[in-house]
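Every number in this text was worked out from the coordinates using simple rules, so none of it is lab data. Nothing here was measured: the structure is a model prediction, and the numbers come from that model. All Cβ positions, even for glycine, are placed from backbone atoms using ideal geometry, and neighbour counts span all protein chains on display.
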Amino acid sequence: IDPISGVRIVRTCQDAFRHPTATPNQDRSPCATRIVNKSKEPTWLLGVDYKVSPDLMLYAKYSRGYRQGGINAGNFGIETWEPEKLDSYEVGAKASFRGAVSGYFNLAGFYNDLSNMQVFAGLTPKPEFTGLGGGAAVINAASSRSYGLEAEAFVLLFDSLGLNLGYTYLDTKIKDVLTKAQLLPRLDGTPWGDINPRVQPGSAFLDSPKHKFTATATYTLPLDESLGKLSVGATFVHTSKTVNDGAVPRIVNGINLGLTPTSNLLNLNLDWKNVAGSPFDLAFYATNVTDKNYTIANTGG
């Protein structure tokens, strides 16, 4: 009974799907939902290094990665998902050189095998659940592989001009995704009528460019030490196109929907350490100085 109006108030649980007939009154415990998800897996790293010389090292390694499962209580009936497992193989070399021109060069090749992959999937409610909006669940629904190489180099010229180069090649592929016939039984007893993973068999990983190239030039000005150390630099970054949503068409009427196009950006920076011999440092930077328009996020929504 409401002590002010004298009217009897009937309390119901906000979670009417899980507790449609509960009568909490002053006791809220009938509205409580307990969801538990536990997992444990071993991980490891096995590696070998071989120093050919003081300036050259070769290496190989095999590692097991593990990402735990999780809980999203808002996805009624399919709240939990299980761990995914990664087997990663890598070989590479690290080299350095000295003299009038000094620097280093690193090269690595890798192969990754991902199983029980956690992916996003769009949820559509059944028609009778008119008060329920769509949802996005994490489900274990795919397996995939990726391989590529990474190269990194640095050269110092005249003790004042530093050049950094970096390149990554990444080839990714979703090997298989559970079919609708395999996924729909998971929705039995839930308010959801349809489920659509954001990845498709044969497609690349989402938000994973095949090529990425960076080049940085940094010049240190020949100033007297009493003035500090002043350097200026420029960085160019090339990122190839990526798939950002595998569940929708990549381009519709000339608009990138499931695709993020290639971008080329130029950034500048100035770094002044020990300003005029003081214990203070100053840094200034400007990104995208050529004022390029590029996509930072887009979706089928």
Original post:
Zone of residue 50 (label point 7 Å along Cα→Cβ, backbone N under 19 Å): which residues in the range 77-98?
Top reply: 89-96
Subject >> Semi-axes of the equivalent ellipsoid for the range 125-206, Cα gyration tensor, largest first, Å >> reply: 47, 16, 7
**OP:** Restrict the search to the range 54-100; then list the trypsin sites (Lys or Arg not before Pro) that DSSP places in a loop and that have at most 13 other Cβ atoms within 10 Å of their Cβ.
**Re:** 98
Original post:
Compactness ratio of the range 102-259: Cα Rg over 2.2 N^0.38 Å, N = residue count?
Top reply: 1.57
Subject >> Residue-wise HN-Hα coupling along the range 58-75, computed from phi with Karplus coefficients 6.51, -1.76, 1.60 (Hz; x: Gly, Pro) >> reply: 10, 8, 8, 8, 10, 9, 10, x, 8, 10, 5, x, x, 9, 10, 5, x, 8
Original post:
How high is the relative contact order of the range 196-235, given as a whole-number percent (alpha carbon pairs under 8 Å, six or more residues apart)?
Top reply: 32
Original post:
Expressed in whole Å with the largest first, what are the equivalent ellipsoid semi-axes of the range 19-101 derived from the C-alpha gyration tensor as the square root of 5 times each eigenvalue?
Top reply: 55, 14, 9
**OP:** Determine the relative contact order of the chain: mean sequence separation of Cα pairs under 8 Å and six or more apart, normalised by residue count, in whole percent.
**Re:** 10
Original post:
Relative contact order, percent, of the range 31-92 when contacts are C-alpha pairs under 8 Å separated by at least 6 residues?
Top reply: 32
Original post:
Can you list, bin by bin at 10 Å, the percent of alpha carbon pairs in the range 10-59, starting at 0?
Top reply: 19, 21, 11, 10, 10, 10, 14, 6, 0
Original post:
How large is the convex hull of the Cα atoms of the range 37-187 per residue, expressed in Å³ as a whole number?
Top reply: 158
Subject >> Rg to Rh, two decimals, where the range 164-243 supplies the alpha carbon set and Rh follows Kirkwood >> reply: 1.39
**OP:** Take the alpha-carbon centre of the range 193-264, take the same for the range 37-62, and report the distance between them in whole Å.
**Re:** 28
Original post:
Considering only DSSP states other than H, G, I, E and B, which chymotrypsin sites (Phe, Trp or Tyr not before Pro) in the range 73-163 qualify as loop sites with at most 16 other Cβ atoms within 10 Å?
Top reply: 129, 158
Original post:
Sorted from largest down, what three extents in whole angstroms do the Cα atoms of the range 219-301 have along their principal axes?
Top reply: 60, 20, 17
Subject >> Average silhouette area of the chain, convex hull of alpha-carbon atoms, in square nanometres >> reply: 26.9
